[in-house]
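Undergrad: Before I ask anything, here is the structure I am working with.
The values are calculated or read from the model by the stated rules, or taken from the named source; none is laboratory data. Note that this is a predicted model, so its numbers are computed, not measured. With ideal geometry, Cβ positions are generated from the backbone for all residues, glycine too; neighbour counts draw on all protein chains shown.
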């Protein structure tokens, strides 16, 4: 049995073995609540970076790491709290006596604090950086039976992963689309997704110098689906490799026609999962050869979450791209988990300042100073800066005064179909060709 298949089997076995125990533990709290002991919380804890230990050091070390994480979680909680492993990289805790979100948030903060620094997870293995992402469901507001509370905690964890946050409480408005695995897979294989381009401006020159490539999908069953939803779904259901391959080839198909923008830079988003799996560097470099696009035209964007887990592997993959001339940007900078130590290792050429920071610089003096400090910090490291989410002329002017290099946002240009963008700036006929799907 192949290692990946064996790991999937073992993870499934763990889930089956613990399912009854988990439902029993939640049911016990429901029964105790009936006699007046108050509310409780069900917390799903996803440990990012745990899977890479088994892949890199072997299954025995992976099992020791899982046991170490279970021990760490138990030691971080109260004696009356219960902890179970519910799947691959996933644990569940039942926390009695929590009457509301504030109490649950304190408990979550205590758990998250254990994962702020690299820690020992297996005997004889160097300290390893994992990251906890948590989803919380509360009784009675989020469910009144064991299965519902468990599902809602998992949905909250998925929402936190989708938004790049450390934790989330269950909210039915953020549950994501009801995505069908087979439909998404067939849509990727049949090229039924769409590529959009959003302009990137040089703030000093006040002109378009590039684009960010964005994937869009309209499901035949539920209509338009948010990229946050279907990309996260693809990451969680082993479709991210095929989605990345589609995105690379679809993007480069249009880039090869952009003759009207000499020196145009094209930003491609790479999922941290593809970096962890490996092979994406060769995939992108091969695609550049196929489409005749120079590596210097591409900016590979990765979020700060890529810095969690196996940092060395991520650095190797991105370093290979840099060695071949591809630029590397840290996306959504300022709201994630990057440290100065990690940045010193990371082969980045650019920081993209998160839109949540940029949005308030025209009205919040302290936020403006923070963004200006990030720009200066990046420049001191020899990095270029791009401000995301520029929504008005005032923000654009401030960023120009700060010396920010590039900008994007609705004020500068909304995402539009790549074919329409190419029709304005390139050679439309070249973009009408069929994607050579088999070439990926």
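Undergrad: For the structure I just gave you, tell me whether residue 187 is at pLDDT 95 or above, surrounded by fewer than 22 Cβ atoms within 10 Å (Cβ to Cβ) and more than 26 Å from residue 388 (Cβ to Cβ).
TA: yes
Undergrad: Another question, then. Out of all the residues in region 123-133, is one or more on the phi > 0 side of the Ramachandran plot and over 21 Å from the mean Cα position of the chain (by Cα)?
TA: Our first condition is that a residue be on the phi > 0 side of the Ramachandran plot; within region 123-133, this holds for 124.
Okay, now just the ones that are also over 21 Å from the mean Cα position of the chain (by Cα), so 124.
Among the residues of region 123-133, at least one is on the phi > 0 side of the Ramachandran plot and over 21 Å from the mean Cα position of the chain (by Cα), which makes the answer yes.
Undergrad: Being free of Cβ contacts under 8 Å to residues at least 60 places away in the same chain and crowded, with 17+ Cβ neighbours inside 10 Å: is that true of residue 258 here? Steps first, please.
TA: Details: free of Cβ contacts under 8 Å to residues at least 60 places away in the same chain: no; crowded, with 17+ Cβ neighbours inside 10 Å: yes.
Considered against the rule, which asks whether it is free of Cβ contacts under 8 Å to residues at least 60 places away in the same chain and crowded, with 17+ Cβ neighbours inside 10 Å, residue 258 comes out as no.
So that you can scan it fast, the table gives a plain yes or no per residue for (1) over 21 Å from residue 209 (Cα atoms); (2) modelled with pLDDT of 85 or more:
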{"residue": "252", "(1), (2)": "no, yes"}
{"residue": "259", "(1), (2)": "no, no"}
{"residue": "265", "(1), (2)": "no, yes"}
{"residue": "273", "(1), (2)": "yes, no"}
{"residue": "277", "(1), (2)": "yes, no"}
{"residue": "283", "(1), (2)": "yes, yes"}
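Undergrad: In this structure, does residue 424 turn out to be assigned by TED's automatic domain parsing to the domain that holds residue 197, in a strand (DSSP E or B) and at pLDDT below 95?
TA: On the way: assigned by TED's automatic domain parsing to the domain that holds residue 197: yes; in a strand (DSSP E or B): no; at pLDDT below 95: yes.
So residue 424 does not fit the description; no.
Undergrad: Regarding residue 188, is this residue touching a residue at least 12 places away in the same chain (Cβ under 8 Å), more than 30 Å from residue 106 (Cβ to Cβ) and part of a strand (DSSP E or B)?
TA: Considered against the rule, which asks whether it is touching a residue at least 12 places away in the same chain (Cβ under 8 Å), more than 30 Å from residue 106 (Cβ to Cβ) and part of a strand (DSSP E or B), residue 188 comes out as no.
Undergrad: List the number of the failed condition for residue 323; all other conditions in (1) more than 19 Å from residue 385 (Cβ to Cβ); (2) modelled with pLDDT of 80 or more; (3) in contact with a strand residue (DSSP E or B) (Cβ under 8 Å, 6 or more places away or on another chain) hold.
TA: Condition (3) is where residue 323 drops out.
Undergrad: Next up: Any chance you could count how many residues in region 38-54 are out of contact with any strand residue (DSSP E or B) (no Cβ under 7 Å at 6 or more places or on another chain) and either more than 25 Å from residue 271 (Cβ to Cβ) or free of Cβ contacts under 8 Å to residues at least 12 places away in the same chain (or both)?
TA: The total comes to 1.
Undergrad: Looking only at region 240-254, decide whether some residue is surrounded by fewer than 17 Cβ atoms within 10 Å (Cβ to Cβ) and closer than 26 Å to residue 406 by Cβ.
TA: For region 240-254, residues surrounded by fewer than 17 Cβ atoms within 10 Å (Cβ to Cβ) and closer than 26 Å to residue 406 by Cβ: absent.
Undergrad: Residues of region 201-216 being buried (at least 22 other Cβ atoms within 10 Å of the Cβ) and in contact with a helix residue (DSSP H, G or I) (Cβ under 9 Å, 6 or more places away or on another chain), which ones?
TA: Matches in region 201-216: 201, 203, 210, 211, 213.
Undergrad: Identify all residues within region 289-304 that are surrounded by 22 or more Cβ atoms within 10 Å (Cβ to Cβ) and either on the phi > 0 side of the Ramachandran plot or part of a helix (DSSP H, G or I) (or both); write none if there are none.
TA: Matches in region 289-304: 304 only.
Undergrad: Tally up the residues in region 191-208 that are more than 16 Å from residue 416 (Cα to Cα) and either touching a residue at least 40 places away in the same chain (Cβ under 8 Å) or part of a strand (DSSP E or B) (or both), please.
TA: Kept after step one, since they are more than 16 Å from residue 416 (Cα to Cα), are these residues of region 191-208: 191-192, 202-207.
Pick out the ones that are also either touching a residue at least 40 places away in the same chain (Cβ under 8 Å) or part of a strand (DSSP E or B) (or both) and you get 191, 202-204, 207.
Summing the residues that are more than 16 Å from residue 416 (Cα to Cα) and either touching a residue at least 40 places away in the same chain (Cβ under 8 Å) or part of a strand (DSSP E or B) (or both) in region 191-208 gives 5.
Quick grid of which residues meet (1) under 30 Å from residue 399 (Cα atoms); (2) in contact with a strand residue (DSSP E or B) (Cβ under 8 Å, 6 or more places away or on another chain):
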| position | (1), (2) |
| --- | --- |
| 203 | yes, yes |
| 207 | yes, yes |
| 220 | no, no |
| 223 | no, no |
| 241 | no, no |
| 262 | yes, no |
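Undergrad: Can you find a residue in region 396-412 that is at pLDDT 90 or above, more than 20 Å from residue 205 (Cα to Cα), over 25 Å from the mean Cα position of the chain (by Cα) and surrounded by fewer than 19 Cβ atoms within 10 Å (Cβ to Cβ)?
TA: Taking every residue of region 396-412 in turn, none turns out to be at pLDDT 90 or above, more than 20 Å from residue 205 (Cα to Cα), over 25 Å from the mean Cα position of the chain (by Cα) and surrounded by fewer than 19 Cβ atoms within 10 Å (Cβ to Cβ).
Undergrad: Of the conditions (1) surrounded by 19 or more Cβ atoms within 10 Å (Cβ to Cβ); (2) over 27 Å from residue 333 (Cβ atoms), residue 219 satisfies every one except a single condition; which number is it?
TA: (1)
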